[in-house]
Amino acid sequence: MADARSYDVVVIGAGPGGYVAAVRASQLGLKTAIVERDKALGGTCLLRGCIPTKFLLQAASLHDEFNAMGHYGLKAQGLEVDWKTTLLEKTKTVRRLTSAVKGLMKKGSVDVVEGTGRLDGPGTIHVALNAGGEETLHAKHVLLATGSVPKMLPFLTRDGKRVITSDEALELPEIPESLIVVGSGAVGSEFASIYRSFGSRVTLIEALPRLIPGEDADLSDELAKAFQKRGIETRVGVKLEGAEVTESGVSVTLAGAEGKPETLSAAILLVAVGRGPVTEGLGLETTGIRPGPGGFIPVNEFMQTAEPSVYAIGDVVPTPGLAHLASKEGILAMEHMAGRPVRPIRYETVPNAIYCEPEVASVGYTEETARAKGYEVRVGKFPFSHSSKAMITGHQHGLVKIVSEAKYDEVLGVHIIGPKATELIAEAVVGMTLETTTQELFRAIHPHPTLSEAVMEAAENLHGESIHI
Ligand SMILES: Cc1cc2nc3c(=O)[nH]c(=O)nc-3n(C[C@H](O)[C@H](O)[C@H](O)COP(=O)(O)OP(=O)(O)OC[C@H]3O[C@@H](n4cnc5c(N)ncnc54)[C@H](O)[C@@H]3O)c2cc1C
């Protein structure tokens, strides 16, 4: 048997946290290996998350745009959905990106070990190889980037056909006639949006009193109105209590606010109630690391676990489950390991994005959070109904909302629902990273006509100086 290979760092998990960290490690001159058990590199994000959902959302958006072409005097007939091809092209896009990640590993001389990694103390990793057999790796440092998997409600059984998670929702053999989605976070809202565009009858159920409960309440209200207009039935403050698979689909029991049970039926029940960290079988018990609440691995501000040579990042730690955050945490961990001067992540400047129609994006405190934190809060808003560019694009639903504090005028949060919200939020992220004020936001001259003017006008509105409202 060959001697165990030794590395400066071994990364376990090749999602957007792990593979980006591995690239950064190689840039920093660290001898690096990455262990991945899936058939391809890229993790949830590339294989079952960000990329395939956004491909389907793009197809859904083109479908909606086609139906709106008459507004521009464009006549087209005979739009047909060839769902098999849609799925095939989605898969091709995913493959192109996963092979690009493979290329990055090669370019950075990162050894890819295909198998399941398990710690045996903080510096030894046994890998059960996908091809059979086992390999042992030694490492000065380890980065745990094992990600997450969908959660299931305890009284439901995921059969993959009638009761499904986001994993199966990406591979449905046909567009379902009807769909009940449980959970109105990013994943639930995106799938509700996709399948509604393709003609499914969609009911979106949320246990909390409003849709996208993590976002500012104004965005929830706007999304509820927009979804209703699109024909998505939304039910908030309602709990799913049971589900029964029938011959034609699934029948679910709901308990409403008054406690009156109700039954709904649909072809498919999509459960989108969050994700849980992957730590099972990782050998944490052979180290000083103990999972914390929710099973997440506790870390300090440099992503170090209770074992200082073992770091953890991404969906397996108790920070928001976002690909871009996983990547930045990975870079931070590697730079800290390499002894570089680093600054902890300012989590209040991490953007959220939901790519449903209309899009939702935010950064920083909601109005409610800012008030709860004791700030003297000022709020500015600008509706897309008053934006010339929004009018041109035919997407006038939604608004930009800016929350600032009165004393220094610093921007505390920016909340957008409407066209290209997920692109527009980047301006706010840069601004908040530079601790900008709302005055600076609106003194910066924005190009006309653009959707970005709505951000400027919301900042103007905060001072009672908006030109177009
Ligand atoms: C439907 C959906 C849509 C999403 N859309 C977005 C979006 O648009 N934008 C966004 O920012 N986020 C999105 N997310 C969230 C995003 O996918 C995750 O936050 C991100 O993938 C987390 O990255 P990670 O590297 O921590 O973990 P993961 O991407 O989950 O990768 C972990 C990897 O570790 C591997 N692994 C686990 N255990 C072992 C082991 N013992 N040995 C070897 N390998 C192991 C897994 O196979 C996996 O490949 C979406 C998620 C879903 C489900």
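The values are calculated or read from the model by the stated rules, or taken from the named source; none is laboratory data. A quick note: this is a predicted structure, and the numbers were derived from the prediction, not measured. Glycine gets a Cβ as well: all are built from the backbone with ideal geometry, and neighbour counts include every protein chain shown. Accessible surface areas use protein heavy atoms only, side chains included; no ligands, DNA or RNA. Shrake-Rupley method; radii C 1.70, N 1.55, O 1.52, S 1.80 Å.
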Only helical DSSP H runs with n ≥ 4 go in: add -39500 (n - 2.57) per run for the chain, normalise by residue count and round the 222 nm mean residue ellipticity to 500 deg cm²/dmol. -9500 deg cm²/dmol
As straight-line cross-link partners of K328, the qualifying aspartates and glutamates (C-alpha separation under 13 Å, not fewer than 8 residues apart within one chain) are E301, D315
Keeping all protein chains in place, calculate the accessible area per residue for the chain (probe 1.4 angstrom), answer in Å². 47 Å²
Just list whichever of K102/K161; K54/K92; K39/K420; K75/K420 have alpha carbons separated by over 23 Å in the model shown. K102/K161; K39/K420; K75/K420
Expressed in angstrom and rounded, the centroid-to-centroid distance over alpha carbons for segment 339-395 and segment 294-316 is 28 Å
Residue separation between Q228 and L62 times 0.36 nm, minus their alpha-carbon distance, gives in nm 57.7 nm
Computed FRET efficiency, Cβ-Cβ of V430 and L208, R0 30 Å: what is it to the nearest 0.05? 0.45
So the angle from the long Cα axis of helix 217-229 to the longest Cα principal axis of the chain, reported in degrees to the nearest 10, equals 70 degrees
Sites M391 and L129, calculated FRET efficiency, Cβ-Cβ separation with R0 60 Å, nearest 0.05: 0.55
In segment 232-281, which GluC sites (Glu not before Pro) are in a loop and have at most 11 other Cβ atoms within 10 Å, using DSSP for the loop call? E247, E258, E280
Any residue on another chain or 5+ positions along whose placed amide H is under 5 Å from the amide H of L412 is listed here as V403, S404, E405
Nearest 10 degrees is fine. How inclined is helix 50-67 to the longest principal axis of the chain, computing both from alpha carbons? 20 degrees
Taking every DSSP beta bridge that has both residues in the chain, what percent is antiparallel when rounded to the nearest 5? 60 percent
Is the shape of the chain best called rounded, prolate or oblate, per the rule: a/c under 1.5 gives rounded, else a/b larger than b/c gives prolate, else oblate, with a ≥ b ≥ c the square roots of the Cα gyration tensor eigenvalues? oblate
So R340 and K106, fully extended at 0.36 nm per residue minus their Cα-Cα distance, gain in nm 81.8 nm
Ignoring any ligand, DNA or RNA, what whole percent of the accessible area of the chain comes from carbon and sulfur when the probe is 1.4 angstrom? 53 percent
Once you charge only the Cβ atoms, +1 for Lys and Arg and -1 for Asp and Glu, what is the size of the charge dipole of segment 42-111 about its Cα centre, to the nearest 20 debye? 440 debye
Tell me which residues come under 5 Å, amide H to amide H, from V11 once H is placed; ignore anything under 5 positions away on its chain. A33, I34, V35, L143
Hey, got the dipole for segment 287-350? About the Cα centre, +1 on K and R Cβ, -1 on D and E Cβ, debye to the nearest 20? 80 debye
Out of I402, L211, I51 - ranked by how far each Cα lies towards the positive end of the dipole of the chain, with unit charges on the beta-carbon of charged residues - the top one is I51
Semi-axes of the equivalent ellipsoid for segment 384-469, Cα gyration tensor, largest first, Å: 21, 13, 11
For segment 4-30 and segment 121-189, compute the distance between their C-alpha centroids and round to whole Å. 22 Å
With labels modelled as points extended 7 Å from the Cα through the Cβ direction, what inter-label distance (nm, one decimal) is found for E241 paired with E258? 1.4 nm
Explain nothing, just compute: Karplus ³J(HN,Hα) = 6.51 cos²θ - 1.76 cosθ + 1.60, θ = phi - 60°, for every residue of segment 93-110 in order, whole Hz, x for Gly and Pro. 4, 4, 4, 4, 6, 5, 6, 5, 5, 4, x, 5, 5, 5, 4, x, 6, 8
With Cα coordinates, the longest principal axis of the chain makes an angle with the long axis of helix 453-462, in degrees rounded to 10, of 80 degrees
Reach of K407 by Cα under 13 Å, taken over aspartates and glutamates that are not fewer than 8 positions away in the same chain: E376
Can you give the charge dipole size of the chain about its Cα centre, rounded to the nearest 20 debye, using +1 on the beta carbon of Lys and Arg and -1 on the beta carbon of Asp and Glu? 740 debye
Per DSSP, loop trypsin sites (Lys or Arg not before Pro) in segment 70-117 with at most 10 further Cβ within 10 Å: K75
